Amino acid sequence: MKNNFYSFEKTTETSADLYIYGDITSYEWDESDVSAFGFKQDLDNLGDVSEINVHINSLGGSTFQGLAIYNLLKQHKATINTYIDGIAASSASIIAMAGDKIYIPKTSLIMIHNCWTYAIGNAKELRKTAEDMDKIAEAYRAAYLSKIKITEEELNKLLDEETYLTADECIEKGFADEIIEQKENTGVNQYASMSILKLVNKLKEKDKKEEKIELNEEIIDELVEKISNQIIKAKTDTQNNLQNNNQVKEDAWASFFNTKK
């Protein structure tokens, strides 16, 4: 493992995880920077793997480095699964498109825009720079177009406007394939589990005292009742907490604007 921000890790003999959690640069000045050269070395060191899970949380960086990493992943024989852990912006969004499947939770974003640069020189030289940037744009547009569902004209509009895309928009436009559903609140299950555990312990204690307990209808009814009561309590407590929090927020804003009567 290289560091906490950019790392390859072989999880099994045939699969590996990759985390791109830093800026994508041509030279790794900082430990969180990612370059195509370093990327290729680490990719080669994985050996013969059939699946690579690419996790991205990056604001981007160099267009050329992003394209190089994209191409390295696309050329690899392994199945590439891309996960947008926070944001895949700028050149990081290009890398994301290398995924055979792209997964994104509701709490993540993809941002795309046109590349930009600094330039000095006379009018002819500046026009040449602009023409070169148009050609570079053709390259990264090809990466998006290989994945997305929208037309090239629609893509160009999004690039021109520097667009942030929500998870739903990514699915709709083809920048991602599947939304990762958030885990449900386990509070109710925890209450139910605690009830079952307490009842089991109660039975064990009685068994130790040689008070043989059979799971008759009475015991089963007691178990069901306890679980039901705990579920109702958990839901009620959650609703009350939400109502109280909303009331506190409303009172705070009303007091701030002197509208509270």
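Other residues with beta-carbon under 13 Å from the beta-carbon of Thr82 carry, at +1 per Lys or Arg and -1 per Asp or Glu, a net charge of -3.
Ile150 to Lys77: FRET efficiency via 1/(1 + (r/R0)^6), r the Cβ-Cβ distance, R0 22 Å, to the nearest 0.05? Result of the calculation: an efficiency of 0.15.
Placing +1 at every Lys and Arg Cβ and -1 at every Asp and Glu Cβ, with all other atoms neutral, what dipole size does the range 87-183 have around its Cα centre, in debye to the nearest 20? List each step's numbers first, then the result.
Numbers: 12 positive and 18 negative charges, 50 e Å.
Its charge dipole is roughly 240 debye.
Applying 1/(1 + (r/R0)^6) with R0 = 41 Å to the Cβ-Cβ distance of Asn45 and Ile180 gives a FRET efficiency near 0.90. Which net charge results when you count Lys and Arg as +1 and Asp and Glu as -1 among the other residues whose beta-carbon is under 10 Å from that of Lys106? Here the count lands on -2.
Remark: the range 6-180 carries a charge dipole of roughly 440 debye about the Cα centre, counting +1 on each Lys and Arg Cβ and -1 on each Asp and Glu Cβ. Shape of the range 6-180 from its Cα gyration tensor (a ≥ b ≥ c, root eigenvalues): rounded if a/c is under 1.5, otherwise prolate when a/b > b/c, or oblate? Since a/c reaches 1.5 but b/c is at least a/b, the shape of the range 6-180 is classed as oblate.
For Ala68, what is the net charge nearby, where nearby means another residue's Cβ is under 13 Å from its Cβ and Lys, Arg count +1, Asp, Glu -1? List each step's numbers first, then the result.
Details: positive: Lys40, Lys74; negative: none.
Summing Lys/Arg as +1 and Asp/Glu as -1 gives +2.
Residues Tyr21, Tyr118, Tyr144, ranked from the fewest to the most other C-beta atoms within 10 Å, line up as Tyr118, Tyr21, Tyr144.
Cβ-to-Cβ counts within 10 Å put Tyr103, Tyr164, Tyr70 in ascending order as Tyr164, Tyr103, Tyr70, the fewest first. Could you compute the FRET efficiency for Thr117 and Tyr164, with r as their C-beta to C-beta distance and R0 at 22 Å, rounded to 0.05? That gives a FRET efficiency of 0.50.
Coordinate-derived values only; no laboratory data. Just so it is clear, the model here is predicted, and its values are computed rather than measured. Note that each Cβ is placed from the backbone with ideal geometry, even for glycine, and that neighbours are counted across all protein chains shown.
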